[in-house]
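The values are calculated or read from the model by the stated rules, or taken from the named source; none is laboratory data. Small disclaimer: the values here were computed from a predicted structure and weren't measured. Every residue, glycine as well, gets a Cβ built from its backbone with ideal geometry; the counts of neighbours run over all protein chains shown. Side chains are part of the model used for accessible areas, which takes the heavy atoms of the whole protein and leaves out ligands, DNA and RNA. Shrake-Rupley method; radii C 1.70, N 1.55, O 1.52, S 1.80 Å.
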Amino acid sequence: MITRADIQELANFHSSEGCAVTFYYQPTTPPNRSHRDDTILLKDRVNNALREGEKKGSQHKSAQPDLRRILEMSDALRTNGRKAKAVFACAAKDFWREFDLPATLPKTNLFLNQHFHLKPLASIFDGIQHACVAVVDRTKARVFEINDGVIVEKLDFINELSRRGRSDGWGGYDAGHVERRVMNETLQHFKVVSEAISGHFQNGGCEKLVVGCHDDIWSEFEPQLHTYVRQRLVGRFRVDPKTATENEVHQLAAELMRQRDEQRKKEMITDVIGEAHRNGRGAIGLRRVLRSLEAGEVQTLMIASSFNAPGVKCYHCGHMDLHIAPTCVMCGKPNAQLEDLGDAIVGHAIRHGIELVYIGDDQQFDRIGRIAAQLRFRADQSTPAKVAV
Ligand SMILES: [Zn+2]
């Protein structure tokens, strides 16, 4: 997995003489297309870039060794499981970094430029990929973990006591007693399951919970969950733990998380616009977001997949500007022109531990410039006491 230190190195990389190659490989989902199609598309792209290099002259030509190396990789990518891949390379500076990534990139893509394209990484750093999925009924429970798009079954319980409880006793005299015992044992079963789930949050690193069960189970099971686990509950789907396959559980949980994520993002957009209009903790539009980034105000950066704006960056002091000027307004050193400030902004956000939220197509978000930020504080309003940590 790519780390913040890696991002730092990549974001600071600038090659005025050579040529920085950025390559993203996103496997397409079977069965829509075969893996073979992925590699054909990829080879086409690289071959086109090689041909363009021949025409464009020396700067693009210097990327040719890297492009050939990527071309050689393409067959191996097919057998790389369901992982995505990123390569950042510059042969002129003897630079080559490659990373396996979760398969959540927007698409396979290749860029040749003076800097690396980091914007697609926003989709990797968006949200949390590590979830616990518990599938429960009165006598059985199964606990799964979903991490980087892969589901693994971790535990499989059967409440043996309840089973026996049901088979003994005979209607009439003993029935009430048996019923009570079954109830207690069910409660005990739910407690054991809840305990097991908590373990996945304390030690397992899970950050979201999804529960699969029927409605009548939920009202009994939910109160048994620890408060801090319940706070991480994404939602619930209906499923029978006895018959559900791993694949079914994965699909139902993933779809639920996707829906909730979409809903959360819609609410965030409305919220950040409201805050910005009240002069509160919201910044909308590129100009304001850049200012907030430099003031260290940003808690969460929201950027659209379609965001694109030219600008300049000073690789000396790090200043980014949407006004195209030859020198940096902050330190006077030469600026580098960027076709898209999005790469520099995403790099900055990841480096500084700013939460990234990647917005898909959204008309409301388009209207505010496809970029916004939730702020921790506002430098122009804050007294030290008001600064949130
Ligand atoms: Zn500067």
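Scanning the range 355-389 for residues that are modelled with pLDDT of 90 or more and over 12 Å from Ile303 (Cα atoms) returns Gln363, Gln364, Arg367, Leu375, Arg376.
Within the range 292-337, which residues are within 14 Å of the ligand (Cβ to nearest atom), assigned to a loop (DSSP other than H, G, I, E, B) and among the hydroxyl-bearing types (Ser, Thr, Tyr)? Scanning the range 292-337 gives a single hit, Tyr315. Considered as a group, the residues in the range 185-224 that are in a loop (DSSP other than H, G, I, E, B) and under 26 Å from the mean Cα position of the chain (by Cα) include one that is surrounded by the fewest Cβ atoms within 10 Å (Cβ to Cβ), and that residue is Asn203. Taking the criterion of being part of a helix (DSSP H, G or I), among the aliphatic types (A, V, I, L, M) and farther than 21 Å from Met1 by Cα, the residues of the range 338-385 that qualify are Leu341, Ala385. Restricting attention to the range 330-345, the residues being farther than 18 Å from Lys119 by Cα and out of contact with any His (no Cβ under 7 Å at 6 or more places or on another chain) number 3. The criterion of at least 2 residues that are aromatic (Phe, Trp, Tyr) and touching a residue at least 12 places away in the same chain (Cβ under 8 Å) is met by the following strands (runs of 3 or more DSSP E) wholly inside the range 36-148: 95-101.
Out of the residues in the range 228-247 that are without any contact (Cβ under 8 Å) to a residue 40 or more places away in the chain and over 20 Å from His130 (Cβ atoms), state the one that is most open to solvent (accessible area, probe 1.4 Å). Restricting to residues being without any contact (Cβ under 8 Å) to a residue 40 or more places away in the chain and over 20 Å from His130 (Cβ atoms), the top hit is Arg238.
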